Amino acid sequence: MFPPRWRFSWDRCTEVDLFTDRHTLSQAISAAAAEEPDADGSVLYGQLKGTVVGLKYYTGVVNKGEMVGLVREPQNPYDSNAVKVTNIYGSQVGHIKRQLAAAMAYVMDKTLAKVEGVVYSGTNNAFSMPVILSFWGKEENKNAVTEAMVRRGFKLDTGGIKLAGANQTSSNSPGAWTMASKKGLTTRLTANELKNAFDNLFEGLMESKDGEKEAAESVSTPLLLHQKQALSWMCARENKCALPPFWEKRGELYYNSLTCFSAKEIPERVRGGILADDMGLGKTLTTIALILTNFQKGKPLPVEKCEEQSSPRKASTKSQMVSKPEGSSSAGDGAGGSDTAAGSLCADSAKMEVICVDTPDVVEKADKSEKSAGKGKMKATKRKPKAPVLLEDLDFAAALCGSSSDTAFKKKKTTVKAGPSQSVESSIIESADDLSARTTLIICPLSVLSNWLDQFEQHVQADVKLNVYLYYGSERNRSKKFLSSQDVVITTYNVLSADFGNKSPLHGISWLRVVLDEGHVVRNPNAQMSKAVLDLKAQRRWILSGTPIQNSVKDLWMLVAFLRLKPFDAREWWNRVIQRPATQGEREGLQNLQTLVKCITLRRTKSSEVNGRPLVCLPEKTVCVEQVELSQPEREEYELARNEGRNTISRYMAEGTVLRNYADVLAVLMRLRQHCCHPDLLAKTSSDLGVAATPAELREHLIEKLRLVLASGSDEECSVCLDSIHLPVITHCAHVFCRPCIAKVISTEEETARCPLCRTEIKTNELVEFPQEEIEEENSANSVKWRTSSKVQALMGNLLRLRCEDSSIKCLIVSQFTRFLNVLETPLREHGFSFVRLDGTLSQKKRAQVIQEFQSSGADSPTIMLLSLKAGGVGLNLTAASHVFLMDPAWNPATEEQCIDRCHRLGQKRNVFVTKFIVKDSVEENMVKIQRKKQDLVEKAFGSTNTNRKTSRIDDIKALMEL
DNA sequence: ACCGCCGGGTGCC
DNA sequence: ACCGCCGGGTGCC
């Protein structure tokens, strides 16, 4: 039944596919898959004055000018056409009068229109009140809706409704807007202004946030000025009872100036926000400082100190954290069983005894298990029996109860004194916060896991024992008691969403704080991951992100929803009040968006200044392009492939089926790009993807396509989990997913499962995976006889020259093709370079090891890192390198920038040199041109229609293939 | 609801 | 009186 809509979505997905990075793809999918029609493109069909009846039966109240929700109530026993009227918090106000409800039910049930209501008068009436209804929807449904309403005796007014007694209405309401625009009071922004406004949304947010706060003494790294400011801001956001944006106190009531909603209770304050500092400004350090500095009631996190420094903390933490999964079952269970959530001690001093008695038991068990893991001296062995533990707990209790507790060592006297006062205070506090929450949960992409572990080691005083648990790996300890007794639990988005719905311990805990690192990765609200993230229980929530808005306002909703910014965490209110007005260029909407963002975000860029001085002084960065000429035989091969590809694509052009055959177009371009790097990158078998006649042939073709995708090792991500693909499988419609992901999709979709990308029907037994033998066979084939290529020569020339100039220089060699990295290993070895390699296939453990090895300054440390573009995307700290060689251009220049920023960031001491290799007269050159053109295009095409963006894609392909 | 609607009581002026 | 009119009971969907 969907064809028109799904065809449209398919086009949209695939066209994005090629020319922007994968984040955009997933976004396109999310837009296409979203159940409710996109609010952005809605037009106002007209308005109608209706009546809300039955007020006396419900408790929900509304104010003059307040927006109300209209909810179909098909199960109503009196009228299946019933339409319920609710206020912003979802309390029912009444019903729409019967006849009108019947008409509305028709258009609402057919999703021909979305109806929104605003109440301007009669809010104190006892029985009924008027409501202004606005009908919104897609342009193409306008007539159908208007006619359907007229048939039932309701005429949609398109000129704006005269509202008796509504002279000072809120101007954000659709009705008022219509009136205002008629009078010419509101002018819409031009596409360009709008674009600028979005770009600047996160700029200049430093306003009145310039207090400073010193970190707790358990933080060993001195904070830079801007980090102290961030810490101060974050503490304030966690502790202060400031009203959320748009809320104000009016007499006894709390009033939201945007929706005109008011409530007796104080709206749930948003404790947390978005730290959107540029990469490299130390978001991780600031967050660690926050964890240690701002525990309950603004006191530092009480931590145990180790007196003897006999064992290097590094080793102990490392083993504690990383080895946990292996030896954890016994240690974890033991700890889980006895380590009562520490915070509950405060309210109950009898319980405090329990932990004192129990703790040695923990020590014993943990001790045993860790010894058995053979990791030498462990955290638990250092844990002194009884007395220090008692001290810790007393101190902890003291911290909870607000007595001064600046050091981890406290005299018993102090804590005893805290005893009596605590019972009084706790009874007051308890209602507000769950003081037993101790743990901060950090969720991050796999690629930055090790960075977090490193940073905890690096920035926490060596003698402070911080319980950091890495919730990762199949042996992870799923005990809720154990987890909630930690100071910090770190996990990945994938683990979180894998656990979700599967009696996830992470969702059963009330966290003190949840931190989403690289928070912009969660943006598709329909993805399992997003649901998993939204479902977490926490007192305080933070989003860390270098790029909070990547493409549109739409992304912001996820962030707002995570922060529970009432009432915008409900999609309807977000769409009505923020997203639609903003995307349609209403100044008011944009202003509101700006205000909203401003209230919850701290963002500084590398170029921001504090007190007239730049935040950070980064060494200079020089980027140059080195043109590579192909050798005669390479050129001949290239031209051959190009002509072949041109024929294929011209045929599609002529047929007008380019976008339908995108997989093949992609394949052609991929092959050409591979030619530019090295001939061995090309898949070996049949290069012609003709029409498959037999099932065997089809399978062969699919494997071939899969091979292409995998060989790129680059920008492929699974559009279900939005992470890199594990256990890749290809569908008959030639889309690649993780096997577990697509299997889940197939099993959840009732009746017939459809491909998330193109909505073709898919079946489990039709999924094709890459034959295992072939992977091995190819690997061995590659190493048999090695040959060079022009690009390899160009790189080696540079490397050899550099080594002569200064043998301490370290380089990143970046390619999108992991196979190219394979190829490069041979000449590097030949010339005696010491190198490491980092790509998506590396396990977490190995990854951390590789980075540490590369970053170390030892004389025999590796000087070169082979880095796959994708793996180098976010979070990594590779400041040991000062030279970056980008072996092949990426579709999205931002990806390249991100990669360069791995080394051009805080902590870089040398000037950074970036060399981009581009093959002359090739698809690569055209890609660079398009990269540049795309920048302009984005500006011009902002707000343009899908159709002309599609045309520009086709134009791009023409340009790439020089057609 | 200071309405509309229903249905019973009532019936010249 | 198979009506009109009056006034009480009543009331979302």
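The values are calculated or read from the model by the stated rules, or taken from the named source; none is laboratory data. What you see is a predicted model; the values in this text were computed from it and never measured. Positions of Cβ are backbone-derived with ideal geometry, glycine not excepted, and every protein chain shown enters the neighbour counts.
Results for (1) more than 16 Å from DNA strand B (Cβ to nearest atom); (2) touching a Lys or Arg at 6+ places or on another chain (Cβ under 8 Å); (3) more than 23 Å from A:Asn63 (Cα to Cα), shown as yes or no for each residue.
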| position | (1), (2), (3) |
| --- | --- |
| A:Lys110 | yes, no, yes |
| A:Ala113 | yes, no, yes |
| A:Glu116 | yes, yes, no |
| A:Tyr120 | yes, yes, no |
| A:Thr123 | no, yes, no |
| A:Ile132 | yes, yes, no |
| A:Glu139 | yes, no, yes |
| A:Thr146 | yes, no, yes |
| A:Lys155 | yes, no, yes |
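Residues of the stretch A:89-108 that are in contact with a helix residue (DSSP H, G or I) (Cβ under 6 Å, 6 or more places away or on another chain) and away from DNA strand B (no atom under 16 Å from the Cβ): A:Ala103, A:Tyr106, A:Val107. Among the residues making up the stretch A:466-481, those that are at pLDDT 90 or above and not polar (S, T, N, Q) are A:Leu466, A:Val468, A:Tyr469, A:Leu470, A:Tyr471, A:Tyr472, A:Arg476, A:Arg478, A:Lys480, A:Lys481. Kindly indicate whether any position in the stretch A:5-16 is more than 16 Å from DNA strand B (Cβ to nearest atom), in a loop (DSSP other than H, G, I, E, B), at pLDDT below 50 and touching a helix residue (DSSP H, G or I) at 6+ places or on another chain (Cβ under 7 Å). No, because not a single residue in the stretch A:5-16 is more than 16 Å from DNA strand B (Cβ to nearest atom), in a loop (DSSP other than H, G, I, E, B), at pLDDT below 50 and touching a helix residue (DSSP H, G or I) at 6+ places or on another chain (Cβ under 7 Å).
Yes/no per residue for (1) touching a strand residue (DSSP E or B) at 6+ places or on another chain (Cβ under 6 Å); (2) assigned to a helix (DSSP H, G or I); (3) at pLDDT below 90:
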position: A:Val623; (1), (2), (3): yes, no, no
position: A:Pro633; (1), (2), (3): no, yes, no
position: A:Glu636; (1), (2), (3): no, yes, no
position: A:Leu640; (1), (2), (3): no, yes, no
position: A:Leu659; (1), (2), (3): no, no, yes
position: A:Ser687; (1), (2), (3): no, no, yes
position: A:Gly690; (1), (2), (3): no, no, yes
position: A:Glu697; (1), (2), (3): no, yes, yes
position: A:Glu700; (1), (2), (3): no, yes, yes
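For A:Asn926, the stated conditions do not hold, so it cannot be described as among the polar types (S, T, N, Q) and within 25 Å of the chain's Cα centre (by Cα). Being among the polar types (S, T, N, Q) and more than 11 Å from DNA strand C (Cβ to nearest atom) is the filter; apply it to the stretch A:50-70 and report the residue that is surrounded by the fewest Cβ atoms within 10 Å (Cβ to Cβ). The selected residue is A:Thr59.
The residues listed here are A:Val533, A:Val495; of these, the one that is assigned to a helix (DSSP H, G or I), more than 12 Å from the chain's Cα centre (by Cα) and more than 18 Å from A:Leu290 (Cβ to Cβ) is A:Val495. Kindly evaluate A:Arg571 against the criterion of being surrounded by fewer than 18 Cβ atoms within 10 Å (Cβ to Cβ) and closer than 26 Å to A:Arg603 by Cα. The answer is yes for A:Arg571. I'd like to check something: does the stretch A:800-807 contain any residue that is outside any helix (DSSP H, G or I) and within 26 Å of A:Leu906 (Cβ to Cβ)? So far as the stretch A:800-807 goes, yes, one or more of its residues are outside any helix (DSSP H, G or I) and within 26 Å of A:Leu906 (Cβ to Cβ). A:Lys162: in the same structural domain as A:Lys49 (by TED's automatic domain parsing) and at pLDDT below 65, yes or no? Yes. Of the residues making up the stretch A:90-128, those that are crowded, with 16+ Cβ neighbours inside 10 Å, in contact (Cβ under 8 Å) with a residue 60 or more places away in the chain and either more than 12 Å from DNA strand C (Cβ to nearest atom) or not assigned by TED's automatic domain parsing to the domain that holds A:Gly65 (or both) are A:Ala113, A:Lys114, A:Glu116, A:Gly117, A:Val119, A:Thr123. If I filter the stretch A:150-158 for residues that are within 15 Å of DNA strand C (Cβ to nearest atom), within 20 Å of A:Ala570 (Cβ to Cβ) and in the same structural domain as A:Gly41 (by TED's automatic domain parsing), do I get at least one hit? Checking the stretch A:150-158: not a single residue is within 15 Å of DNA strand C (Cβ to nearest atom), within 20 Å of A:Ala570 (Cβ to Cβ) and in the same structural domain as A:Gly41 (by TED's automatic domain parsing).
Every condition in (1) in a helix (DSSP H, G or I); (2) modelled with pLDDT of 85 or more; (3) out of contact with any Asp or Glu (no Cβ under 6 Å at 6 or more places or on another chain); (4) closer than 24 Å to A:His726 by Cα holds for A:Ala848 except the one numbered (2). Go through the residues of the stretch A:856-869 one by one and say whether even a single one is touching a Pro at 6+ places or on another chain (Cβ under 7 Å) and more than 25 Å from A:Leu285 (Cα to Cα). Checked against the condition, which is being touching a Pro at 6+ places or on another chain (Cβ under 7 Å) and more than 25 Å from A:Leu285 (Cα to Cα), the stretch A:856-869 yields no hits at all.
In the stretch A:71-89, the residue that is farthest from DNA strand C (Cβ to nearest atom) out of those that are surrounded by fewer than 22 Cβ atoms within 10 Å (Cβ to Cβ) and aliphatic (A, V, I, L, M) is A:Val71. In the set (1) within 16 Å of DNA strand B (Cβ to nearest atom); (2) assigned to a loop (DSSP other than H, G, I, E, B); (3) in contact (Cβ under 8 Å) with a residue 60 or more places away in the chain, A:Val52 fails one condition alone, (2).
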